[in-house]
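So the structure is just underneath, and the comments pick up after that.
Throughout, read-outs are computed from the coordinates displayed, never taken from laboratory work. Bear in mind the structure is a predicted one, so any value in this text is a computation, not a measurement. Cβ placement follows ideal geometry from the backbone for every residue including glycine, while neighbour counts extend to all protein chains displayed.
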Amino acid sequence: MLTGENAPMKPSQIETLFARLAELNPHPRTELEYRTPFELLVAVILSAQATDVGVNKATRKLFAVANTPAAMLALGEPGLLRYIASIGLCNAKARHILATCRLLLERHGGEVPSVRAALEALPGVGRKTANVVLNTAFGEPTIAVDTHIFRVANRTGLARGKTPLAVERALLRRVPPAYRQNAHHWLILHGRYVCKARRPQCASCVLADLCAQGVKAARIHATATNAGESNRHRRRS
Ligand code: SF4
């Protein structure tokens, strides 16, 4: 049987969780810098296993000279690599971006498609990248599950799953419709700055009383504090 600490979050708790995140940050945004769907697509391809800060540093200069598929192709692979050399897996990413640019011109008139199947047919674009573009550029209530969201969803009991796809499906079932559009951003930011992988900041987390791990951490802290006070009391008497 699932105990309180392992049980999934109740719908009323999920509602409260998102109400609190929404109050803290009513209009959450991606931290990737972009002005057009094409810039967003390139930035998201570059962001795999890289930080948003590192990607922004590279794309600020790259997009100043090439922010369309045709301009990107004109740079060629060596030209593109000059801008993205500081980003991990830059060789593979450069090849994917240029192949994607070719397909955008051949099949989509140079525009980024707003249909999942067409997006996932682009080189370097998987389900997660497609979800980010559909959500952020086209306003669809998709939820891209990255490492931060995977961790937060499992730790809290919001939506548990062994794979990103399982967590995504659970989130789509469990997140109230009113919060679905922004859920991706709220959960990423919470995972990045509060519910960190190594040192989650449970003591100051606004979700601590709702979260399975937060409740457990508070119980352990209370037990340790009580034991310390009992020992001090015994030593004094
Ligand atoms: S209480 Fe801790 S584990 Fe739970 S969401 Fe907050 S930081 Fe993460």
(Q) Restricting to DSSP loop positions (anything but H, G, I, E, B) with no more than 12 other Cβ atoms inside 10 Å of their own Cβ, which trypsin sites (Lys or Arg not before Pro) remain in the stretch 58-165? (A) LYS162
Q.
Suppose the chain between ASN91 and GLN13 were pulled fully straight at 0.36 nm per residue; how much longer would it get relative to their current alpha carbon spacing?
A. 23.6 nm
**Q.** Assigned charges on the beta-carbon of Lys, Arg, Asp, Glu; the stretch 37-136 dipole about Cα centre (debye)
**A.** 180 debye
Q: For the chain, find the longest principal axis of its Cα atoms and tell me its angle to the long axis of helix 127-136, 0 to 90°, nearest 10.
A: 90 degrees
(Q) How big is the dipole moment of the chain about its Cα centre under a simple scheme where the beta carbon of each Lys and Arg is +1, that of each Asp and Glu is -1, and everything else is neutral? Debye, nearest 20, please. (A) 1080 debye
Q. For labels at LEU172 and ASP209 in the simple 7 Å Cα→Cβ model, what's the distance in nm?
A. 3.4 nm
Q.
For the chain, I need the span (max minus min coordinate) of the C-alpha atoms along each principal axis, in Å, sorted largest to smallest.
A. 82, 37, 31
Q. Based on the Cβ-Cβ distance from ALA64 to HIS221, what FRET efficiency comes out when R0 is 35 Å, to the nearest 0.05?
A. 0.10
Q | Tilt relative to the chain, helix 212-236 - C-alpha long axis, 0 to 90 degrees, to 10 | A | 40 degrees
Q) Against the longest principal axis of the chain, how steep is helix 147-156, in degrees 0 to 90 to the nearest 10, with axes from Cα atoms? A) 20 degrees
(Q) Can you compute log10 of I(q)/I(0) for the stretch 37-136 with the Debye formula, treating each Cα as one identical point scatterer, at q = 0.10, 0.15, 0.22, 0.24 Å⁻¹? (A) -0.22, -0.51, -1.17, -1.41
Q.
What percent of all Cα-Cα pairs in the stretch 162-215 falls into each 5 Å bin, going from 0 up to the bin containing the maximum distance?
A. 4, 17, 20, 28, 22, 8, 0
